[in-house]
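J.: Following this message is one structure expressed as structure tokens.
The values are calculated or read from the model by the stated rules, or taken from the named source; none is laboratory data. Computed from a prediction, not measured in an experiment: that's the story for all the values here. Counting neighbours? That spans all protein chains shown, and the Cβs are built from the backbone with ideal geometry, glycine included. Just the protein is used for accessible areas: all its heavy atoms, side chains included, with ligands, DNA and RNA removed. Shrake-Rupley method; radii C 1.70, N 1.55, O 1.52, S 1.80 Å.
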Amino acid sequence: VRGLAQEIVDATQRKYAGATGLRIQGQFPDGPCLVSGDRTQIRQVFVNLAKNGVEAMSEQGTLQIVVAPGASYVEVRFDDEGPGVDPDKVARIFEPFYTTKEHGVGMGLAICMRIVTAHDGTIRAASRQGGGTSMTVRLPLVRAEE
């Protein structure tokens, strides 16, 4: 997961290189954070969450991608400095065809939810104190045989 998250930081920095007021940062632990699953699908989730964070900030501010391993899981958090998600909308943002974007279809987060759930994980959104949104993906870790 750590290597994949670094790829997303690098790719997002390249994609939005012209946005001078935008910063993409990563915070990653030492050591392996291995999960079982389809790398392409998990990458799709991370790309979508990074893109949503950048768009929520209108390409101005800091998007921080944090990998935080626990005892049996790893959390990957996407923290943006956008306006946050209204509390009455948080419960709906993962529903198919629900969108707050003017030109959105409302499938991005619904697909993310389906992929994460298929990998025995969870995804949640929360507005952060002081502004911004924190999108957290939690996936079970694979433990090496000892």
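J.: Sorted by accessible area with a 1.4 angstrom probe, largest first, how do GLU81, GLU59 fall?
T.: In descending accessible area the options line up as GLU81, GLU59.
J.: Modelling each spin label as a point 7 Å along the Cα-to-Cβ direction, I'd like the ALA126/GLN25 distance in nm, to one decimal.
T.: The two pseudo-label positions are separated by 2.0 nm.
J.: Moving on to the next point. Could you sort 111-119, 18-26 so that the peptide with the highest average Cβ count within 10 Å comes first and the rest follow in order?
T.: 111-119, 18-26
J.: Right, here's the next one. I need the calculated FRET efficiency for the pair ARG143 and ALA118, taking r as the beta carbon distance and R₀ as 22 Å, to the nearest 0.05.
T.: The calculated FRET efficiency here is 0.60.
J.: So, with a 1.4 angstrom probe, what is the percent of accessible area on the chain that is carbon and sulfur?
T.: C and S atoms contribute 49 percent here.
J.: Given the Cα-Cα distance of LEU34 and ALA17 and 0.36 nm per residue of separation, how much length would full extension add, in nm?
T.: Stretched out fully, the LEU34 to ALA17 stretch lengthens by 3.1 nm.
J.: Stretch SER58-GLN41 to full length: gain in nm at 0.36 nm per residue minus the Cα-Cα span?
T.: Length gained, SER58 through GLN41: 3.5 nm.
J.: Principal axis lengths of the range 35-98 from Cα atoms, whole Å, largest first?
T.: 32, 28, 23
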